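Here the structure comes first, spelled out in structure tokens, and everything after it is commentary.
The values are calculated or read from the model by the stated rules, or taken from the named source; none is laboratory data. Keep in mind it's a predicted model, so treat the numbers as computed, not measured. Cβ placement follows ideal geometry from the backbone for every residue including glycine, while neighbour counts extend to all protein chains displayed. Quick note on the areas: whole protein, heavy atoms, side chains included, nothing else; ligands and nucleic acids left out. Shrake-Rupley method; radii C 1.70, N 1.55, O 1.52, S 1.80 Å.
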Amino acid sequence: MTGNPLVSILCLCYNQERFIRESLESIKAQTYKNFEIIICDDFSRDQSVEVIKSWISENQDLKIKLIEHSENQGITKTLNELFNISEGKYIQVLALDDLFMNDKLERHVAMLESSLDEYAMVFSDAHLMNDESQRYQNKFIARHLSYLSLKSQNFYEMLLVGNFIPAMSVLLKRKHIIAENGWDENLPFEDYDMWLRLSKNHSFLFDEVITCTYRLHNNNSHRNKSLINHKAFFDILIKHKENEGVRKKVFVHLEGMYRERTLKDEHKVFYDYYPMQSFPERFIKNNYHPKLYRIALEIQKFLYYFRIFINGIFSKQ
């Protein structure tokens with residue numbers, strides 16, 4: 001390590017009173033000590049603010065700022081707010097229900113300090129735990145990838161398939177966040193979009209040692225599959241429309257929403273970017289009843305095999 005650079009830990013809180021103290025204690029226990037803690041409570045309706053203030057009063061030797069929102073702002077807007085008042089060379093984001101291993105910052109600062117400029121961030125796998133802080137046998141990345149052989153590299157194509165990076169495991173270089181103009185405030189969650197944008201031009205370091213723990217409970221984003229996340233998925237990937245595989249991935253997602261009859265206006269935006277590739281897609285574009293779409297697919301399949309049959313007859317003559 002070439003120095004002792006400041007790490008800014010941006011802490012996000014929304015109705016997490018049960019877990020706050022444990023999360024903040026995992027920051028306090030870091031072997032790397034040059035950090036600032038910037039906490040935002042995004043208008044919690046429980047006792048989160050009281051718990052945070054109590055912990056701060058007990059740890060006045062630490063460099064801590066607390067921001068209280070008078071209305072809910074959402075993750076991405078809050079992160080930009082915290083980032084703009086932070087001073088660290090490196091940026092760490094932590095939801096106040098997750099935990100760090102004691103040497104998390106020490107390991108990752110050392111890796112970034114000795115890295116080439118092509119590397120925008122470092123990440124690791126994460127343990128999983130429940131509401132009672134009991135660990136599961138499975139790990140975070142295994143829930144998202146069918147293989148676990150990762151190395152430091154460019155992950156752009158892999159990330160287009162899906163997000164597998166635990167957000168709390170990531171330590172980011174500040175200058176690359178600035179180059180990306182921060183987080184997209186039109187999105188309800190922050191991580192996937194940022195990883196994709198960064199990976200277009202940069203590689204990521206992978207730490208084989210697990211450095212954090214992700215808590216699974218009913219309120220976190222990986223269990224919240226709401227309609228707003230469907231739209232966000234589209235909004236994120238459409239930024240990468242020049243990639244050949246993106247149309248297929250977005251269409252499969254859009255088709256699933258159409259079959260479930262949960263389409264709003266997403267399909268209209270989709271066809272502004274991509275021309276129709278088949279007759280059945282007209283039923284999706286116009287949001288006709290899915291039964292008509294299934295019939296159109298069967299007709300298309302029949303015509304396909306009928307052409308093969310006819311071509312086979314003429315080829316024998």
Assess whether residue 115 counts as being among the hydroxyl-bearing types (Ser, Thr, Tyr), surrounded by fewer than 18 Cβ atoms within 10 Å (Cβ to Cβ), in a loop (DSSP other than H, G, I, E, B) and in contact with a Leu (Cβ under 8 Å, 6 or more places away or on another chain).
yes
| query | Would region 129-149 turn up any residue that is within 21 Å of residue 179 (Cα to Cα) and among the charged types (D, E, K, R)? | reply | no
The number of residues in region 244-258 that are surrounded by fewer than 14 Cβ atoms within 10 Å (Cβ to Cβ) and either farther than 23 Å from residue 200 by Cα or of a type outside the set (A, V, I, L, M) (or both) is 4
Of the residues in region 76-93, those that are charged (D, E, K, R) and more than 23 Å from residue 236 (Cα to Cα) come to 87, 89
Exercise for review: Considering every residue within region 53-63, establish whether at least one is modelled with pLDDT of 95 or more, crowded, with 18+ Cβ neighbours inside 10 Å and in contact with a strand residue (DSSP E or B) (Cβ under 6 Å, 6 or more places away or on another chain).
Suggested key: no
- prompt: Residues in region 161-177: is at least one over 14 Å from the mean Cα position of the chain (by Cα) and within 21 Å of residue 241 (Cβ to Cβ)?
  reply: no
Filtering region 13-26 for residues that are farther than 14 Å from residue 214 by Cα, surrounded by fewer than 22 Cβ atoms within 10 Å (Cβ to Cβ) and not basic (Lys, Arg) leaves a count of 3
Problem - residue 195 crowded, with 18+ Cβ neighbours inside 10 Å, within 20 Å of residue 100 (Cβ to Cβ) and in contact (Cβ under 8 Å) with a residue 24 or more places away in the chain - result: yes
The lone condition residue 77 fails out of (1) in a helix (DSSP H, G or I); (2) closer than 21 Å to residue 176 by Cα; (3) over 20 Å from the mean Cα position of the chain (by Cα) is (3)
For region 69-77, indicate whether the set of residues that are within 24 Å of residue 127 (Cα to Cα) and buried (at least 20 other Cβ atoms within 10 Å of the Cβ) is non-empty. yes
Within region 120-138, the count of residues that are open to solvent by 20 Å² or more (accessible area, probe 1.4 Å) and within 18 Å of residue 93 (Cα to Cα) comes to 2
Inside region 275-310, the number of residues satisfying the requirement of being open to solvent by less than 80 Å² (accessible area, probe 1.4 Å) and aromatic (Phe, Trp, Tyr) is 2
Residue 95 passes all but one of the listed conditions (1) of a type in the set (A, V, I, L, M); (2) over 26 Å from the mean Cα position of the chain (by Cα); (3) surrounded by 16 or more Cβ atoms within 10 Å (Cβ to Cβ); the exception is number (2)
When region 148-182 is checked residue by residue, the ones that are assigned to a loop (DSSP other than H, G, I, E, B), touching a Phe, Trp or Tyr at 6+ places or on another chain (Cβ under 8 Å) and open to solvent by 10 Å² or more (accessible area, probe 1.4 Å) are 150, 151, 152, 154, 163
| request: Could you tell me whether any residue of region 225-234 is open to solvent by 30 Å² or more (accessible area, probe 1.4 Å), at pLDDT below 85 and within 17 Å of residue 168 (Cβ to Cβ)? | output: no
